[in-house]
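Rule-based calculations on the coordinates, nothing more; no lab input. Quantities reported herein were computed from a predicted structural model and do not represent experimental measurements. Please note: Cβ atoms are built from the backbone with ideal geometry, for glycine as well, and neighbour counts cover all protein chains shown.
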Amino acid sequence: MTRTINRADDYLSRVLKHIPSEIVMAYVAIDGVLRSSYNPNVWDERETLKTLLWITLGTLTILTPFWMYRVMRVKRPAQIFISTLSVPVWLFALGGPFALLDWYQPAFGAIVLPLYTLIIPIITRS
């Protein structure tokens with residue numbers, strides 16, 4: 001009889017468990033379509049683009065826990081919560097609708113994402 005030893009997840013697998021890559025990829029695709037359809041340099045189109053990007057971010061954030069539970073079969077509530085929180089963090093780092101806000105600087109995302117990625121595996125056991 002062989003015995004299987006269950007080891008705790010290493011750091012990389014803990015980080016990867018909390019990134020809903022399909023959701024982030026969906027946002028990037030939708031963002032590309034919207035930005036090619038609306039000119040952010042024209043005020044009316046910029047406001048429409050901003051609204052649509054915020055709606056997309058909100059919709060995908062709300063969709064994430066259902067995606068994690070039903071499609072990815074994640075059962076741990078903490079992991080589902082952290083993955084859901086990861087969506088706006090990742091989109092903040094990528095720019096997303098935040099990039100259309102006057103105060104946003106790409107450096108903010110460059111700081112927030114690595115800090116989030118480092119902290120989450122430390123405070124979770126999954």
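Here the extension length gained between Arg46 and Tyr69 equals 4.8 nm, from 0.36 nm per residue of separation less the Cα-Cα distance.
Global dimensions of the range 11-123 from alpha-carbon coordinates: Rg and Dmax equal 14.9, 45 Å. Modelled spin labels at Arg35 and Ala78, positioned 7 Å past Cα toward Cβ, are 3.6 nm from each other. Shown is the FRET efficiency for Thr59 and Ile122, computed with R0 = 25 Å from the Cβ-Cβ distance and rounded to the nearest 0.05: 0.25. In this Cβ point-charge picture (+1 for Lys and Arg, -1 for Asp and Glu), the range 11-123 has a dipole of about 700 debye about its Cα centre.
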